[in-house]
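K.L.:
Handing you this structure, nothing more for now.
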Amino acid sequence: MAVRPRLIIADEPLSSLDMSVQAQILDLLVSLKAGRNLGLVLISHDLNVVDAISDRVMVMYRGQIVEAGPTRQVLGNPASDYTRSLLAAKLVADPHIARTRRQPMDAALAAAPISPSSLQGAPQ
């Protein structure tokens, strides 16, 4: 941070950290982003973190962008089946809610090739 970068690329910055350290790192990233007017590219599988810190989100499936846009729009009203599957798999702290949710992704979707209809909302 001594050279005052304008962009940070963080690839799974919270992976394999315990919850208290994750919270500290997340607070630091949010603070740096706001306080130093930084651009932050966050690469993560944790949709709870993405939802908490991101202004925009891009969802990738098999190396292809399937959906992109403002975080609230993409996560609140997903256009692609894959994004809906990811959201269904999102960890929920309440075990009662977690038990009532459907299975996140069936094997057919996971094995299926990318179809043009699943790319709805993706940038061209």
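Nothing in this text is a laboratory measurement; each read-out follows from the coordinates by a stated rule. All figures in this text were calculated on a predicted structure; none of them were measured in a lab. FYI the Cβ positions are ideal-geometry reconstructions off the backbone, even for glycines, and counts take in every protein chain you see.
K.L.:
Can you list the residues, at least 5 places off or on another chain, whose amide H is less than 5 Å from the amide H of Met60, using H built in the peptide plane?
P.N.:
Val66
K.L.:
Let me ask something else. Please give, to one decimal in nm, the separation of the simple spin-label points placed at Val30 and Lys90, each 7 Å out from Cα toward the Cβ.
P.N.:
Distance between the two pseudo-spin positions: 1.6 nm.
K.L.:
Rank the residues Ser80, Ser15 as a footprinting-exposure proxy: fewest other Cβ atoms within 10 Å of their Cβ go first.
P.N.:
Ser15, Ser80
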